[in-house]
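Take a look at the structure below.
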Amino acid sequence: QVQLVESGGGLVQAGGSLRLSCVASGGTFRPRPMGWFRQAPGKEREFVAAISWLGGTTDYADSVKGRFTVSRDNTKNTVYLQMDSLIPEDTAVYYCAAKGGPSSRQQNQYDSWGQGTQVTVSS
């Protein structure tokens, strides 16, 4: 069973930056496609970004493209989400998730999820 733990969330002013980390652990863990999702108050969870298991392929939601960057360091079993030019609409709980097969935007294809980290952007 893969365990995922996110960190790096917090309170930041609009225009600021945060970097989220997601560390994976588990006896049989090996690099897998990873995704970042977020859920704002009163809204459904939505796709943010995804990265292939080697990191060569990335995908972003239109709302974050050009502002967020997903990357990974497989030697540390860690995936990152660099968030720049944050806006209040980015306020949400951010989750990382892992899946088998190719990377995807579809939440139901991810089988391991972290507990989430809160990001709050003030105006």
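The values are calculated or read from the model by the stated rules, or taken from the named source; none is laboratory data. Computed from a predicted model, the values in this text were never measured in an experiment. Backbone-built Cβ (ideal geometry, glycine too); neighbour counts: all protein chains shown. The protein model used for the area step is the full one, side chains on, heavy atoms only, and it has no ligands, DNA or RNA in it. Shrake-Rupley method; radii C 1.70, N 1.55, O 1.52, S 1.80 Å.
Per-structure values
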quantity	calculated
Residue that is more than 14 Å from the chain's Cα centre (by Cα), farther than 17 Å from Asp111 by Cβ and at pLDDT 95 or above, where the choices are Ser17, Ser21, Ser71, Ser7	Ser17
Residues of region 59-115 classified as part of a strand (DSSP E or B) and of a type in the set (Val, Ile, Thr), total	5
Extreme residue, least open to solvent (accessible area, probe 1.4 Å), among residues of region 2-21 that are hydroxyl-bearing (Ser, Thr, Tyr) and part of a strand (DSSP E or B)	Ser21
Lone unmet requirement of (1) among the charged types (D, E, K, R); (2) over 16 Å from Trp113 (Cβ atoms); (3) part of a loop (DSSP other than H, G, I, E, B) for Glu44	(2)
Scope region 24-66; condition over 12 Å from the mean Cα position of the chain (by Cα) and among the small types (Gly, Ala, Ser); matching residues	Ala24, Ser25, Gly26, Gly27, Ala40, Gly42, Ser52, Gly55, Gly56, Ser63, Gly66
Contacts under 6 angstrom Cβ, first residue in region 4-20 being in contact (Cβ under 8 Å) with a residue 60 or more places away in the chain, partner outside any strand (DSSP E or B) and open to solvent by less than 30 Å² (accessible area, probe 1.4 Å), 6 or more apart	Leu4/Gly114; Val5/Gly114; Glu6/Gly114; Val12/Leu86; Gly16/Leu86
Hey, Ser103 at pLDDT below 95, more than 12 Å from Leu4 (Cβ to Cβ) and either of a type in the set (Ser, Thr, Tyr) or under 10 Å from the mean Cα position of the chain (by Cα) (or both) or not	yes
Qualifying residue in region 77-87 (condition: farther than 18 Å from Gln1 by Cα, of a type in the set (D, E, K, R), surrounded by 18 or more Cβ atoms within 10 Å (Cβ to Cβ) and out of contact with any Gly (no Cβ under 6 Å at 6 or more places or on another chain))	no
Where a residue in region 82-98 is within 15 Å of Ala61 (Cα to Cα) and its partner, wherever it lies, is of a type in the set (Asp, Glu) and open to solvent by less than 10 Å² (accessible area, probe 1.4 Å), with Cβ under 9 Å and at least six apart	Met83/Asp90
Selection from region 27-68 of residues that are open to solvent by 20 Å² or more (accessible area, probe 1.4 Å) and touching a Leu at 6+ places or on another chain (Cβ under 9 Å)	Pro31, Arg67
